[in-house]
1. Could you please report the charge total around residue 59, scoring K, R as +1 and D, E as -1 over all other residues with beta-carbon less than 9 angstrom from its beta-carbon?
2. What nm distance separates the two modelled labels at residue 34 and residue 62, each placed 7 Å from Cα along Cα→Cβ?
3. Given Cβ point charges of +1 (Lys, Arg) and -1 (Asp, Glu) and nothing else, what value in debye, to the nearest 20, does the dipole of the chain about its Cα centre take?
4. So what's the gap between the Cα centers of the stretch 70-131 and the stretch 1-65, to the nearest angstrom?
5. In the neighborhood of residue 85, defined by Cβ-to-Cβ distances under 12 Å, what is the net charge if each Lys or Arg adds +1 and each Asp or Glu adds -1?
6. What do you get for the angle between helix 5-18 and the principal long axis of the chain? Use alpha-carbon atoms, 0 to 90 degrees, nearest ten.
7. Expected output is a single nm value to one decimal: the length gained when fully extending between residue 52 and residue 131, i.e. 0.36 nm times separation in residues minus the C-alpha distance. What is it?
8. How much net charge surrounds residue 100 when only the other residues with a Cβ under 13 Å from the Cβ of residue 100 are counted, with Lys and Arg +1 and Asp and Glu -1?
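Every number here is computed from the coordinates shown, using simple stated rules; none is lab data. It should be emphasised that the depicted structure is a prediction, and the values quoted were computed from it without experimental measurement. Don't worry about glycine lacking a Cβ; one is built from the backbone with ideal geometry, like all the others, and counts go over all protein chains shown.
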Amino acid sequence: MNTDPVADMLTRIRNAVRHRHPRVEMPASRLKAEIARILKEEGYISGFKVSEEGRKKTLRVNLKYSAEQGPAISNLTRVSRPGRRVYAGHSEIPAVLGGLGCSIVTTPKGVMTARRARKAGVGGEILLEVS
């Protein structure tokens, strides 16, 4: 059993990007699907799909590459872990690479980017940073 499914998701994506795979599959959950939705909205992946086979749900993430710049995801880091949770208020959420990257935050209003959380005036747990 995996104790940190989000870290497992990020590791699978990092390994697939490193080896230039077109897509990566993993066990699905609502949180992972929300993270994939935000990565798609921010332009880091080209798409995702949750498929069901019996009781087993699978999340398939299609990775994005460009001919001149390489992979869209250069850095994917887990911030809040099961051993050390990281929470921040809306005014304390740090910017990633001076605003060039993106943080994903779980808030009482749902999973959203740090930019949207600041705009909505809600804080929460900082899950990951992507650039």
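1. Details: positive: 32, 49, 57, 60; negative: 25.
Neighbour charge sum, excluding residue 59 itself: +3.
2. Modelled inter-label distance: 2.5 nm.
3. Working: 24 positive and 12 negative charges, 45 e Å.
Charge dipole, the chain, about its Cα centre: 220 debye, nearest 20.
4. Cα centres, the stretch 70-131 to the stretch 1-65: 18 Å.
5. Details: positive: 78, 81, 84; negative: 4, 125.
That works out to +1.
6. With both axes taken from Cα atoms, the answer is about 60 degrees.
7. Working: separation 79, 0.36 × 79 = 28.44 nm, distance 3.03 nm.
Length gained between residue 52 and residue 131: 25.4 nm.
8. Details: positive: 115; negative: 42, 129.
Every neighbour counted, the sum reads -1.
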